[in-house]
Amino acid sequence: MPEMQKSDFSFNLPEELIAQIPLPVRSASRLLVCHRNSLATEDRQFNEIASFLMAGDLLVFNNTRVIPARLYGKKDTGGRVEILLERILDESRFTAIMRCSKVPQVGQKILIADGLTVCYEGRKSDFFLFSYEEGGLQQLFAEHGRMPLPPYIQRDADAQDEERYQTIFAQKPGAVAAPTASLHFDEAILRSLQQKGINTAEITLHVG
């Protein structure tokens, strides 16, 4: 069997087909159905998903909650810096993906808000290491972070995204990206699943 390559998953997706804002109703999204016996496909609505499941089936939902993981700041030279949280290591250190015109020098501080700075500590594997002298990183991101919309969404995050870039199961903070496959479930669909005898369970897997 040939070795799997990342290129195996590459395909053309025209930009005009990438939704930039969510539909008013979550379950109004489209659903592509592939019939496993014939391999025939058809376009349906996501609110029909229960009709393709049987009583006794089990759906497992991820109850992770996306945190506002993107920070915007400035170097003391005035250059803009975008920091996307990858992982909180402890109360004062975290790793991140960073976008800027030039990587800061080790020890250089990034101004996030009035009187609040994070310090660039160097590389850590494939990511950048930062420290926050004040401690309390959860509070820093909660108060000054923005929702980390994926790169194919070509707009800034707004207040609507604080709700819509979460699943209805979101309970446990920790993800830096939403489990997008379940963004289309709503309470009406959950009721239809229950009425049909379809079982559900939850796990916590922080995405990112």
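Descriptive notes on the structure:
- Top-ranked residue of the range 110-127 - restricted to ones that are in a loop (DSSP other than H, G, I, E, B) and not small (Gly, Ala, Ser), ranked as farthest from the chain's Cα centre (by Cα): ASP114
- Candidates ILE83, ILE49 - the one that is modelled with pLDDT of 95 or more, within 30 Å of LEU129 (Cβ to Cβ) and either assigned to a loop (DSSP other than H, G, I, E, B) or of a type in the set (Val, Ile, Thr) (or both): ILE83
- Scanning the range 173-208 for residues that are on the phi > 0 side of the Ramachandran plot and surrounded by 13 or more Cβ atoms within 10 Å (Cβ to Cβ) yields GLY174, GLY208.
- Within the range 14-33, being of a type outside the set (Val, Ile, Thr), closer than 24 Å to ASN47 by Cα and in a loop (DSSP other than H, G, I, E, B) holds for ALA19, GLN20, PRO22, LEU23, PRO24, SER29.
- Among the criteria (1) free of Cβ contacts under 8 Å to residues at least 60 places away in the same chain; (2) surrounded by fewer than 10 Cβ atoms within 10 Å (Cβ to Cβ), the one SER51 does not fulfil is (2).
- Those residues of the range 96-108 which are surrounded by 19 or more Cβ atoms within 10 Å (Cβ to Cβ) and either in a loop (DSSP other than H, G, I, E, B) or in contact with a Lys or Arg (Cβ under 8 Å, 6 or more places away or on another chain) (or both), in sequence order: PRO104
The values are calculated or read from the model by the stated rules, or taken from the named source; none is laboratory data. Owing to the predicted nature of the structure, the values given are computational and were not obtained by experimental measurement. Glycine also receives a Cβ, built like all others from the backbone with ideal geometry; neighbour counts cover every protein chain displayed.
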